[in-house]
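The values are calculated or read from the model by the stated rules, or taken from the named source; none is laboratory data. Given the structure is predicted, the values throughout are model-derived calculations rather than measurements. Reconstructed Cβ throughout: ideal geometry from the backbone, glycine too, with neighbour counts over all protein chains shown. Only protein heavy atoms, including side chains, enter the accessible area calculation; ligands, DNA and RNA are left aside. Shrake-Rupley method; radii C 1.70, N 1.55, O 1.52, S 1.80 Å.
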Amino acid sequence: DTEVTQTPKHLVMGMTNKKSLKCEQHMGHRAMYWYKQKAKKPPELMFVYSYEKLSINESVPSRFSPECPNSSLLNLHLHALQPEDSALYLCASSQEGLAGVGEQYFGPGTRLTVT
Amino acid sequence: GQNIDQPTEMTATEGAIVQINCTYQTSGFNGLFWYQQHAGEAPTFLSYNVLDGLEEKGRFSSFLSRSKGYSYLLLKELQMKDSASYLCAVRRNTGGFKTIFGAGTRLFVKA
């Protein structure tokens, strides 16, 4: 199983709403990532979890709150977002350390629209 | 900091060969990846280089020169389905592994 799943596929939320994005992988990967991608732009790294601990936070605003409940799951909690946060949010996972090349497997993404 | 440069767009003909270049400047270099991304879809892994030289994988090859901060992706026997964005991504070891993506090269394959 080389699949990363993400739910929901699409999300429309108001600026006062609270919502969560979910990501799951069953490849035994111990590194998981959140990226934000705007149209015709590359993915921008937001957070990295390594062995369920947050290892990198790319100075992301606190209205985005990541959570890694276990080695297979990654959540992104959203609160008080702005319209400019509308984007495709991609989750990815990879093997950690010297276990392999470390290529990332991406989920299909959640298309988020903030109104 | 880091900087990754690749051409914005390229056009090539079906059946031909195309080379997509990528130059980078970074500290803590720990490998270079190429990903393919079709419009509206997630990126998919194509190749990885960490040592100098050429890695070949079917119709796709990737080359790396660490001293020059340079890589290229070579696509042979182009097919229409190869029309996509090709992302050069550099992994850095900064106390944790971080992968930074270039802006991508949009490749158009014409008949």
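The strands (runs of 3 or more DSSP E) falling completely within the range A:62-115 that include 3 or more residues that are within 17 Å of B:F97 (Cβ to Cβ), open to solvent by less than 10 Å² (accessible area, probe 1.4 Å) and within 14 Å of chain B (Cβ to nearest Cβ) map to A:87-94. A Cβ distance below 7 Å, combined with a sequence gap of six or more or placement on separate chains, defines the contacts here; from the range A:16-34, residues that are within 14 Å of chain B (Cβ to nearest Cβ) and touching a residue at least 12 places away in the same chain (Cβ under 8 Å) reach residues that are surrounded by 22 or more Cβ atoms within 10 Å (Cβ to Cβ) and assigned to a loop (DSSP other than H, G, I, E, B) in the pairs A:C23/A:G107; A:Y33/A:Q104.
For the structure I just gave you, tell me whether A:K36 is under 17 Å from A:L112 (Cα atoms), basic (K, R) and buried (at least 17 other Cβ atoms within 10 Å of the Cβ). So A:K36 fits the description; yes. Among residues of the range B:33-55 that are at the interface with chain A (Cβ under 10 Å from one of its Cβ atoms) and hydroxyl-bearing (S, T, Y), those with a Cβ under 9 angstrom from a residue that is in a loop (DSSP other than H, G, I, E, B) and open to solvent by 30 Å² or more (accessible area, probe 1.4 Å), sequence gap 6+ or separate chain, pair up as B:Y35/A:E103; B:T44/B:H38; B:S47/A:E103; B:Y48/A:V101; B:Y48/A:E103.
Can you confirm whether B:E77 is charged (D, E, K, R) and touching a Ser or Thr at 6+ places or on another chain (Cβ under 9 Å)? Judged against the criteria, B:E77 is not a match. Mind listing whichever residues of the range B:49-77 are closer than 20 Å to B:Q36 by Cα, open to solvent by 10 Å² or more (accessible area, probe 1.4 Å) and not hydrophobic (A, V, I, L, M, F, W, C)? Of everything in the range B:49-77, those that are closer than 20 Å to B:Q36 by Cα, open to solvent by 10 Å² or more (accessible area, probe 1.4 Å) and not hydrophobic (A, V, I, L, M, F, W, C) turn out to be B:E55, B:E56, B:K57, B:G58, B:R59, B:Y70, B:Y72, B:K76, B:E77. Within the range A:41-53, the set of residues being facing another protein chain (nearest Cβ under 8 Å), part of a loop (DSSP other than H, G, I, E, B) and open to solvent by 10 Å² or more (accessible area, probe 1.4 Å) comprises A:K41, A:P42. Restricted to the range B:94-111, and to residues there that are open to solvent by 70 Å² or more (accessible area, probe 1.4 Å) and assigned to a strand (DSSP E or B), the residue that is nearest to the other protein chains (Cβ to nearest Cβ) is B:R106. In the range B:6-48, how many residues are under 24 Å from A:A92 (Cα atoms), open to solvent by less than 80 Å² (accessible area, probe 1.4 Å) and not aromatic (F, W, Y)? Within the range B:6-48, residues that are under 24 Å from A:A92 (Cα atoms), open to solvent by less than 80 Å² (accessible area, probe 1.4 Å) and not aromatic (F, W, Y) number 17. Scan the range B:78-93 residue by residue and report those that are facing another protein chain (nearest Cβ under 8 Å) and open to solvent by 10 Å² or more (accessible area, probe 1.4 Å). Answer for the range B:78-93, where residues must be facing another protein chain (nearest Cβ under 8 Å) and open to solvent by 10 Å² or more (accessible area, probe 1.4 Å): just B:R91.
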